[in-house]
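Heads up: the structure comes next, in structure tokens.
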Amino acid sequence: MSVQKYSPAEVGLDHLYEISSIVTKTTEWKPALNEIASLVRRIFIFDNLAVYLADPARHDLDVMYARAMGRGRSAEADIAWGEVIANQIMDNPRTILEEPVNNPEIDRLERPYILGIPLQVADRTLGAIVFIRFGSPPFEAEAIRLAEFISGQIALLVERQNLRLAYENLEQQNMEARLQEDFISTITHELRTPLGFIKGYSTTLLRSDTKWDPETQQEFLRIIDQEADRLQELIENLLDSARLQSSNLKMEFQAVRLDTLVKSVADRVRMHNADIQVEIEADKQSSMIRGDPKRLGQVFENLLNNAVKYAPGSKVSVRIEQQDNENVLIHVQDYGPGIPQRFLPHIFDRFFRNPELEPYVHGSGLGLFICKKIIQAHHGQIYATSVVGEGTTFHISLPFEP
């Protein structure tokens, strides 16, 4: 395809408007730059185009975008992309035109015409754009002015991208701050409750002005023991959450029979919650996986305890089945009140608790977060489905170990 060369006047407002329209309407920078590069290539000749952005953290330049559209596709990187000129522009922001000695005996790939222009918004230099032509023709004044207009548009695109990322980062920080505040409030309440029981009943037992019969003493001690267990569980969840968040929780992988593991966990949960009914259905041929039995047991214990808290009195069904030759599926289903759809995407978030149930159900908002991280550490997946009024099902997929 022949490429013609136009002055800005010949390009016309329509072409310039099209470039501006791409910048204002496109939210992703790469598709926008692809469109701009293709459009500009129809307006004036260039072989390669590179966009460099400043990295303030490293005091260096990163290649945001690079595209070879002509004779420079096989050229060496240091020749083809104008990195030297880009660095010069960052040191002293200005348009730089570098022209080679006109010697036909030298291969044109070694005689690049390089045009570098700063990407500037107000008085800030965000980076540089570099156009490269191998051989003739040289960049003329009209083409340079057009390239400067294009660099201004790309600078606006970069600035919009930076503002969007800064906004998203600020939103994330605000959300984390709110979660941290909620967590501190929740964890303070969760710590005070068992500590209050332990302190109150132990102080009562130690009173010298009252005598307690053996049954009452046993009842008080049983409450102290339960609240101490609850306090220990809370502290362990906090520690596990911190280790999982930093990827420092060690896993000891071995062959694990899922049906045996789930039965053992169900028996353990039943010791503290005698009313829970757990039905386990498993194909013994497909229930073998490789994993950490302690951590997987922690997952199933969290899910069963969740059913006790949020679906009291409900039967819990656990089904283990082989999906294919690569995965085993585990479904943990209760028949309780269910979870509203608007909360389902957040139940595995750290510190998240159903705000409608917070006053009535104790919890730190860490249990399901820990479950997700443990399953991910086993190269598996976990998600939940729920119908309000009918119950909730947690679905786990783990790699199959023949």
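Within the range 316-334, restricting attention to residues that are surrounded by fewer than 19 Cβ atoms within 10 Å (Cβ to Cβ) and modelled with pLDDT of 90 or more, which residue is farthest from the chain's Cα centre (by Cα)? Among those that are surrounded by fewer than 19 Cβ atoms within 10 Å (Cβ to Cβ) and modelled with pLDDT of 90 or more, it is 317.
Scanning the range 126-168 for residues that are in contact with an Asp or Glu (Cβ under 8 Å, 6 or more places away or on another chain) and surrounded by fewer than 16 Cβ atoms within 10 Å (Cβ to Cβ) returns a single hit, 138. Scanning the range 236-258 for residues that are closer than 12 Å to residue 374 by Cα and of a type in the set (Gly, Ala, Ser) gives 241, 247. For the range 342-373, a residue qualifies if it is at pLDDT 90 or above and either β-branched (Val, Ile, Thr) or farther than 29 Å from residue 242 by Cβ (or both), but none of them does.
Just to confirm my filter: which strands (runs of 3 or more DSSP E) fall fully inside the range 10-129 and include at least 1 residues that are at pLDDT 75 or above and of a type in the set (Asp, Glu)? Give the derivation first.
Details: elements: 48-55, 60-68, 96-98, 112-121.
Output list reads 48-55, 60-68, 96-98.
Of everything listed in (1) more than 37 Å from the chain's Cα centre (by Cα); (2) modelled with pLDDT under 85, the single unmet condition for residue 161 is (1). Taken over the range 386-401, the residue count meeting the criterion of being small (Gly, Ala, Ser) and under 17 Å from residue 329 (Cβ atoms) is 1.
Pick from 234, 249: which is part of a loop (DSSP other than H, G, I, E, B) and either out of contact with any Leu (no Cβ under 6 Å at 6 or more places or on another chain) or under 30 Å from residue 54 (Cβ atoms) (or both)? Write out each step before concluding.
Working: 234 fails: part of a loop (DSSP other than H, G, I, E, B).
Selected residue: 249, the only one of 234, 249 that is part of a loop (DSSP other than H, G, I, E, B) and either out of contact with any Leu (no Cβ under 6 Å at 6 or more places or on another chain) or under 30 Å from residue 54 (Cβ atoms) (or both).
The values are calculated or read from the model by the stated rules, or taken from the named source; none is laboratory data. What you see is a predicted model; the values in this text were computed from it and never measured. Methodologically, a virtual Cβ is constructed for each residue, glycine included, from the backbone with ideal geometry; neighbour enumeration extends over all protein chains shown.
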